[in-house]
Structure formats: structure tokens, C-alpha cells
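Each remark here refers to the structure printed beneath this line.
The values are calculated or read from the model by the stated rules, or taken from the named source; none is laboratory data. Quantities reported herein were computed from a predicted structural model and do not represent experimental measurements. Quick reminder, even Gly has a Cβ in these numbers, built from the backbone with ideal geometry, and neighbours come from all protein chains shown.
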Amino acid sequence: MSTFLAVRQVRRPQGTPSAEDFTFVTEPLPVLADGQVLVENVYLSVDPYMRQLMNTGEAGREGRAIGRVVESRSAGLPVGTTVFHRGGWTTHAAVGAADLRRVDPAGGVPLSAYLGVLGGTGLTAFVGLTRIARLRPGEDLFVSAAAGGVGSAAGQIARLMGAGRIIGSAGSAAKVAHLKEIGFDAAFNHRDGPVGEQLAQAAPRGIDVYLDNVGGDHLEAAIGALREHGRVAWCGAIAQYSSAPPAAPRNLADVMFKSLRVEGYLVREHLDAREPFERFLVPHLQNGSVRVDETVVDGFGNVVEAFLGVLRGDNTGKMLVRVS
Ligand code: NAP
């Protein structure tokens with residue numbers, strides 16, 4: 001085989017992106033430089049932040065992937081080595097040794113977990129709860145987009161941290177049922193009615209911590225429900241990635257009146273937490289107390305649909321593409 005497939009963005013969308021914003025290209029396999037390996041991808045990650053990459057035309061060119069070395073000009077990385085890299089939506093990538101990391105899956109842990117609950121997605125949840133919100137045992141937590149990758153990891157990790165009541169919002173009845181299966185104490189469908197009213201019902205005595213994946217009406221609802229000295233770990237704002245910023249939160253002054261702390265963060269500034277996080281989580285994955293929650297779409301040809309699906313909410317758990 002002398003060619004590989006890649007996805008390129010061909011158009012910048014106004015509003016919700018569509019399949020026509022992308023094209024599939026066939027390119028010759030690169031000739032490796034010294035120190036490089038050719039990786040045949042096994043799993044690709046599709047993520048909400050890639051919607052923002054579309055504003056500069058770069059979607060597809062960057063993105064987390066796991067694959068196997070099929071050709072090597074790097075002594076320490078023989079053919080067959082499994083590696084993580086950020087080469088984007090391609091079937092193959094030429095990667096320098098400095099730009100990849102070996103992946104040696106722990107016994108009983110599936111390879112896909114290293115792009116999901118054990119990868120940047122789970123790390124985002126872990127950092128939000130431990131470093132940003134500093135969740136303490138017994139504290140009550142609300143998580144939005146709770147049935148997604150970060151959200152489902154956050155609920156499960158918070159349980160291990162000894163959280164009190166854990167409440168989640170998600171976009172369908174099936175997802176609400178799923179949240180209860182993976183250990184959330186209460187959950188509601190954000191499409192069923194105003195989020196503020198539904199959260200007040202689910203948490204009549206309030207919450208201490210909010211892990212925000214959505215922004216807008218969800219953030220406003222959480223500010224309303226937070227007790228004095230509550231914290232918001234602001235992880236994402238998916239409600240506005242494809243649309244104008246929402247009017248909410250209209251109750252921002254309550255951040256001052258209730259002495260709240262609202263702190264945004266980017267997981268890439270916390271990569272030093274990856275190893276301790278893996279050490280913490282792997283035993284729980286091995287004994288089954290934490291689930292590898294994922295939706296796997298098969299076939300490289302479906303990578304764009306999988307990405308559009310994450311933005312629509314087609315996924316439960318982390319959305320991944322299995323390349324072949
Ligand atoms: P995800 O939650 O698996 O997928 C996105 C989910 O968002 C969808 O499944 C959908 O679920 C929900 N959604 C879409 N539009 C919505 C809307 N208007 N209102 C409410 N929910 C909506 O994706 P993820 O990768 O785990 O990311 C979750 C959030 O974390 C995103 O905002 C992302 O940008 C952010 N993030 C931040 C960092 C960081 O470093 N700060 C790192 C990773 C991810 P429903 O069916 O439930 O609506």
C-alpha cells in the first residue's frame with residue numbers, strides 16, 4: 001500500500017457544521033525521516049473543541065489518535081509498538097519520536113480507554129474535580145452533558161472521591177436512564193423544560209460544585225443552585241460553539257453575593273496530572289467499579305459523521321472512531 005486517507009476541512013461553517021465542510025483525500029504515504037515512525041491508526045478521537053478549530057480551517061489536521069507502528073526509523077520504537085499521537089483524522093501518520101507516547105495498556109483495560117476515560121477526556125474530569133473545584137467528600141455535585149465523555153467520567157470519579165449527591169443533565173430519556181446506571185443519584189433531560197427548574201427539583205437543598213460542560217442556561221441554573229462558597233469548574237461551553245453566545249447567565253451577580261468561585265481551565269495546562277490520574281483510575285477500571293463508557297463508530301469513512309454526532313449528542317460516553 002502506498003497511499004493513505006485523510007480528512008481535510010474545505011469550508012468554514014456559519015453555525016452548525018455539516019459533512020459538506022469536509023472532504024476525504026488520498027495522499028502518498030510519506031517517506032520517513034530519521035527518528036520518525038509510520039503509524040497505522042486504530043482509534044481516532046472526535047471532540048467538541050474541533051468545532052472551534054473549524055473557525056480557522058484546521059479541523060482534522062490535529063486530534064488525538066492511537067495506532068501501531070508499521071514502519072520505523074526510530075531505534076526505540078520497533079514495528080508493532082502501540083503509540084498515542086495527535087496527528088488528526090488520518091489512517092496513517094508519520095510521527096517523530098518526540099511527538100508520540102508509547103501506550104502499554106494495563107491488564108484488562110481496553111486500548112480505547114486510553115483515548116476516553118483514561119485519556120485526555122477522563123483527565124479533564126479529574127482535573128476539574130480535584131484541582132479546580134477541589135471537591136471534598138460529602139459535597140453535592142452537578143455535572144452537565146453528564147452522559148458524554150467528560151461528564152460520565154466526572155460522575156464516576158466523583159463517586160470514588162466520596163461526593164455526596166451527584167446530579168447530571170443530559171439530552172434524552174435513554175441518557176438519563178444511563179446516568180442512573182453508572183451511579184448518578186439524580187438526572188434530568190435538559191430538553192424536558194427549563195434547566196433551572198429541573199435542577200432545583202433534582203437538588204432542592206442546593207449543590208456545592210458544578211462541573212460545567214455546556215455554559216448558558218446550565219451555568220445560570222447552577223449559579224442559582226450553588227450554596228455559599230460553592231465552586232464552578234468551567235470545562236466547556238458546547239451550547240455556544242455553533243451559535244452566538246447566549247444571554248445567560250443573567251444571575252452573574254450571585255457569584256459575588258454567594259462568594260462563589262468560577263474558574264475556567266484547559267486540560268493541556270495540567271498534563272503533569274496524567275500519570276497520577278492513571279495510577280488512581282486503572283485499578284478501578286480493572287475491578288469494574290468504573291466503566292469504560294464509550295460510543296465507537298466503525299470505519300474511517302464515518303469520522304466526519306462521528307464528529308457531527310458529538311455536537312448533536314449522538315454519543316453516550318466518549319465518542320471514538322475505530323479506523324478499520
Ligand atoms: P461529550 O460530552 O461526549 O459530547 C458533547 C455533548 O454535549 C453531546 O453528547 C450532547 O449531549 C451535549 N450537548 C451538545 N449541545 C448541547 C447543548 N446546546 N446543550 C446541552 N448539551 C449539549 O464531549 P466531551 O469531549 O466529553 O466534552 C464535553 C465538554 O467538555 C465540551 O464542552 C468540551 O469542549 C469540554 N472539554 C474541555 C476541555 C478542557 O480542557 N477545558 C477538555 C475536553 C473537553 P446531550 O445529548 O446530553 O445534549
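With respect to Leu311, determine if the residue is within 20 Å of the chain's Cα centre (by Cα), in the same structural domain as Gln14 (by TED's automatic domain parsing) and among the aliphatic types (A, V, I, L, M). When the stated conditions are applied, Leu311 passes them.
Listed here are the residues, each with its yes/no results for (1) touching a strand residue (DSSP E or B) at 6+ places or on another chain (Cβ under 9 Å); (2) more than 23 Å from Val296 (Cα to Cα); (3) not assigned by TED's automatic domain parsing to the domain that holds Leu211.
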residue: Trp89; (1), (2), (3): yes, no, yes
residue: Arg101; (1), (2), (3): yes, no, yes
residue: Ala125; (1), (2), (3): yes, no, no
residue: Thr130; (1), (2), (3): no, yes, no
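Looking at this structure, is Ser242 at pLDDT 95 or above, more than 11 Å from the ligand (Cβ to nearest atom) and either part of a loop (DSSP other than H, G, I, E, B) or of a type in the set (Asp, Glu) (or both)? No.
Among the residues making up the stretch 89-108, those that are part of a loop (DSSP other than H, G, I, E, B) and either touching a helix residue (DSSP H, G or I) at 6+ places or on another chain (Cβ under 9 Å) or free of Cβ contacts under 8 Å to residues at least 60 places away in the same chain (or both) are Trp89, Thr91, Val103, Asp104, Pro105, Ala106, Gly107, Gly108.
Against the definition (within 26 Å of Tyr49 (Cβ to Cβ), of a type in the set (Gly, Ala, Ser) and in a helix (DSSP H, G or I)), how does Ala174 come out, yes or no? Don't jump to the end; show me each part of the working.
Details: within 26 Å of Tyr49 (Cβ to Cβ): yes; of a type in the set (Gly, Ala, Ser): yes; in a helix (DSSP H, G or I): yes.
Here the answer is yes, as Ala174 does meet what is asked.
With respect to (1) of a type in the set (Gly, Ala, Ser); (2) in contact with a strand residue (DSSP E or B) (Cβ under 8 Å, 6 or more places away or on another chain); (3) surrounded by 18 or more Cβ atoms within 10 Å (Cβ to Cβ), the lone exception for Ser172 is condition (3).
Could you list, in sequence order, all residues of the stretch 207-230 that are more than 12 Å from the ligand (Cβ to nearest atom) and in a strand (DSSP E or B)?
The answer is Ile207, Asp208, Val209, Tyr210, Leu226, Arg227, Glu228, His229, Gly230.
The residues of the stretch 140-152 include none that are within 9 Å of the chain's Cα centre (by Cα) and either more than 6 Å from the ligand (Cβ to nearest atom) or surrounded by fewer than 24 Cβ atoms within 10 Å (Cβ to Cβ) (or both). Tell me, yes or no, whether the stretch 184-206 has at least one residue that is under 23 Å from Val117 (Cα atoms) and part of a loop (DSSP other than H, G, I, E, B). Yes: the stretch 184-206 contains one or more residues that are under 23 Å from Val117 (Cα atoms) and part of a loop (DSSP other than H, G, I, E, B). Summed over the stretch 248-292, the residues that are within 26 Å of Phe184 (Cβ to Cβ), in a helix (DSSP H, G or I) and of a type in the set (Phe, Trp, Tyr) give a count of 2.
Is at least one residue of the stretch 51-62 in contact with a helix residue (DSSP H, G or I) (Cβ under 6 Å, 6 or more places away or on another chain) and assigned to a strand (DSSP E or B)? The answer is no, given that none of the residues of the stretch 51-62 is in contact with a helix residue (DSSP H, G or I) (Cβ under 6 Å, 6 or more places away or on another chain) and assigned to a strand (DSSP E or B). Close contacts from the stretch 308-324, counting a first residue that is within 6 Å of the ligand (Cβ to nearest atom) and a second that is assigned to a strand (DSSP E or B) and β-branched (Val, Ile, Thr), with Cβ to Cβ under 6 Å and a gap of 6+ residues or different chains, come to Asn315/Thr295; Met319/Thr295. The set of residues in the stretch 1-27 that are in contact (Cβ under 8 Å) with a residue 12 or more places away in the chain, part of a loop (DSSP other than H, G, I, E, B) and charged (D, E, K, R) contains only Arg12.
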